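Undergrad: Dumping the structure here so I can ask a few things about it.
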Amino acid sequence: MLASVALERQIEIVQSGESAFCEADPAKVGQAILNLIRNAIDYNRPGGSVFVKTWQSDEDAMLSVRDTGIGISADALSKVFDRFYRGDESRSSPYGSGLGLSISKSLIEAYGGELTVISEPGVGSEFQIRFPASTQKKVDPQANPSQRRPKPSRISPE
Ligand SMILES: Nc1ncnc2c1ncn2[C@@H]1O[C@H](COP(=O)(O)OP(=O)(O)O)[C@@H](O)[C@H]1O
Ligand SMILES: [Mg+2]
């Protein structure tokens, strides 16, 4: 679905980095990530790019979705996570409802993560997810197997 929309608009999606793990429901975190990628396509320019990267920073699990799109003004940056907020240039687009980012933020925060954004109008935007190490339970490998942590979820768009 996302791949076909990207193809139609000649936007390339470039994935890189290393595996990063967090303790969360993969379907919910996946939905949050898909919302970010959808925006990175919708608010891009024809022939633009979307870079999706995952990595470990110290022990924090990180994911970034960066685009080469229209960017977000300083004024709008403080509102993009508000429910129903849509930028002026987006209101005519039939795709969104202004809920995607507020849902992504709630889903990420529900698992102890953070969602932040930096952007430069006319250049592009970068949304970053961080799951601090403190949200990942430490395990004693000698512990009773029944007390071991559940299998961690890999954070990735798939
Ligand atoms: N990657 C992005 N580049 C530029 N603007 C964005 C980006 N992501 C979100 N926005 C802005 O934030 C608004 C809110 O995003 P979202 O909650 O996903 O709602 P929707 O996409 O349905 O409008 C969008 O209408 C748009 O103005
Ligand atoms: Mg959206």
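Undergrad: On the given criteria, is residue 45 in a loop (DSSP other than H, G, I, E, B) and closer than 16 Å to residue 68 by Cα?
TA: Working: in a loop (DSSP other than H, G, I, E, B): yes; closer than 16 Å to residue 68 by Cα: yes.
Yes, satisfied.
Undergrad: How about segment 4-42: which of its residues are of a type in the set (Val, Ile, Thr) and in a helix (DSSP H, G or I)?
TA: Going through segment 4-42, the residues of a type in the set (Val, Ile, Thr) turn out to be 5, 11, 13-14, 29, 33, 37, 41.
The answer is 5, 29, 33, 37, 41.
Undergrad: Are any residues in segment 7-51 among the β-branched types (Val, Ile, Thr) and out of contact with any Pro (no Cβ under 8 Å at 6 or more places or on another chain), and if so, which ones? If you could, list the steps in order and put the result at the bottom.
TA: Our first condition is that a residue be among the β-branched types (Val, Ile, Thr); within segment 7-51, this holds for 11, 13-14, 29, 33, 37, 41, 50.
Selection gives 13, 14, 29, 41, 50.
Undergrad: Look through 72, 37 and report the one residue that is closer than 18 Å to residue 104 by Cβ and more than 15 Å from the chain's Cα centre (by Cα).
TA: Working: 37 fails: more than 15 Å from the chain's Cα centre (by Cα).
Going through 72, 37 in turn, the sole match is 72.
Undergrad: Can I ask one more? May I ask you to list the residues in segment 25-72 that are in contact with a helix residue (DSSP H, G or I) (Cβ under 8 Å, 6 or more places away or on another chain), surrounded by fewer than 17 Cβ atoms within 10 Å (Cβ to Cβ) and polar (S, T, N, Q)?
TA: Listed by number, the list holds a single entry, 31.
Undergrad: Is it the case that some residue within segment 57-73 is in a helix (DSSP H, G or I) and within 18 Å of residue 152 (Cα to Cα)?
TA: no
Undergrad: Which numbered condition trips up residue 80, out of (1) within 7 Å of ligand 1 (Cβ to nearest atom); (2) in contact (Cβ under 8 Å) with a residue 12 or more places away in the chain; (3) of a type in the set (A, V, I, L, M); (4) over 30 Å from residue 136 (Cβ atoms)?
TA: (4)
Undergrad: If you don't mind, another one. Checking the structure you have, find out if any residue of segment 84-94 is more than 21 Å from residue 52 (Cα to Cα) and away from ligand 1 (no atom under 11 Å from the Cβ). Full working, then the answer.
TA: Going through segment 84-94, the residues more than 21 Å from residue 52 (Cα to Cα) turn out to be 84-94.
From what is left, the residues that are away from ligand 1 (no atom under 11 Å from the Cβ) are none.
There is no residue in segment 84-94 that is more than 21 Å from residue 52 (Cα to Cα) and away from ligand 1 (no atom under 11 Å from the Cβ).
Undergrad: Scan segment 123-130 and tell me whether some residue there is over 18 Å from residue 35 (Cα atoms), at pLDDT 95 or above and surrounded by fewer than 12 Cβ atoms within 10 Å (Cβ to Cβ). Walk me through how you get there before you give the answer.
TA: Kept after step one, since they are over 18 Å from residue 35 (Cα atoms), are these residues of segment 123-130: 123.
Of the ones still in play, those that are also at pLDDT 95 or above are 123.
Then keep just the ones that are surrounded by fewer than 12 Cβ atoms within 10 Å (Cβ to Cβ); that gives 123.
Looking for residues that are over 18 Å from residue 35 (Cα atoms), at pLDDT 95 or above and surrounded by fewer than 12 Cβ atoms within 10 Å (Cβ to Cβ), one finds at least one in segment 123-130, hence yes.
Undergrad: Restricting attention to segment 92-116, which residues are closer than 18 Å to residue 62 by Cβ and crowded, with 16+ Cβ neighbours inside 10 Å?
TA: 104, 105, 107, 108, 111, 113, 115
The values are calculated or read from the model by the stated rules, or taken from the named source; none is laboratory data. Quantities reported herein were computed from a predicted structural model and do not represent experimental measurements. Don't worry about glycine lacking a Cβ; one is built from the backbone with ideal geometry, like all the others, and counts go over all protein chains shown.
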